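Shown next, in structure tokens, is the structure this report addresses.
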Amino acid sequence: MITDDPGTPGNGHWENNIAFLFEHRPNEWSIDTPQFDLNYGWGEHIQLTLQTEPVLLKRNGHGPVGGIGGTETALKWRFLDEDKNGFDVSMFPRVIFNVTQSSVRRGLAEDGTRLQIPFQIAKSFGPWHADAELGPVGITVGRSEWLYGIVGGFDVAKPTTLMAELHGTSRMNFDQEVLTVNFGIRQTLTERFIFIGSLGHEIHTPDGDPLALIGYIGVQLLY
């Protein structure tokens, strides 16, 4: 899902996600082929993250263009645990930057560097799970934003979780809002191999901009 949660891999463990993502607007497809999301547990409460992806963009009437999308480095710190405090809470500061400016010129990545400082909170209620995220986004090109999201999950069976999400971004005055509804599934196949999929759609964009259909199909490798 788009909204992050406070979970970390555990000391010395990896949680790596390899996924195919797409975004479709009228007359345009953007495909991440694939996205690499690498997470390492440094102690029980710290996660180090590196994320990047090749991107393929196809617009009607034009040939496809490809390159490297935005690259993210991040550090998650979970400073409250549910078993001791009743809920999990973390902060997940991250920097998103462009390896090459040619990706910006081709429309494969957003211009400038972004610094996000979101906080996450999560709690379980038997088979039900709830996660929320909120934080500011500083941007070197353009105006700063808020990001926010909430996810609800239900364990249909021991290996299967269904999820629903509402995620948004907006200007600091909560203007120019983009809202996305997203539905997903998490299916544990083995102890170290998990399938994750989601499908969502924007329901509000500023100034009547075209709404995007988004999708995610990936595997999570734990070791």
Accessible surface of the chain [probe 1.4 Å, protein heavy atoms]: carbon and sulfur percent: 63
Å² per residue, accessible surface of the chain at 1.4 Å: 53
Residue-wise HN-Hα coupling along the range 181-189, computed from phi with Karplus coefficients 6.51, -1.76, 1.60 (Hz; x: Gly, Pro): 9, 9, 10, x, 9, 10, 10, 7, 8
Of every Cα-Cα pair in the range 94-203, the percent that sits beyond 16 Å: 70
Structure-based [θ]222 nm, the chain - -39500 (n - 2.57) summed over DSSP H runs of at least 4, per residue, nearest 500: -500 deg cm²/dmol
Three principal axis lengths of the chain [C-alpha, angstrom, descending]: 54, 38, 32
Computed over the range 101-147, Cα set: Rg, Dmax in Å: 16.1, 49
Nitroxide proxy distance, nm - points 7 Å out along Cα→Cβ at Val219 and Asn16: 1.1
Probe 1.4 Å, all protein chains present, accessible-area order of Asp155, Asp83, largest first: Asp83, Asp155
Debye intensity ratio in log₁₀ form over the Cα atoms of the range 15-113, taken at each q of 0.16, 0.18 Å⁻¹: -0.76, -0.87
Neighbourhood net charge (9 Å Cβ-Cβ; Lys/Arg +1, Asp/Glu -1) for Pro210: -2
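The values are calculated or read from the model by the stated rules, or taken from the named source; none is laboratory data. Small disclaimer: the values here were computed from a predicted structure and weren't measured. Heads up, the Cβs are rebuilt from the backbone with ideal geometry, glycines too, and the neighbour counts pull from every protein chain shown. Note: accessible area is taken over every heavy atom of the protein model, side chains too, but ligands, DNA and RNA are not part of it. Shrake-Rupley method; radii C 1.70, N 1.55, O 1.52, S 1.80 Å.
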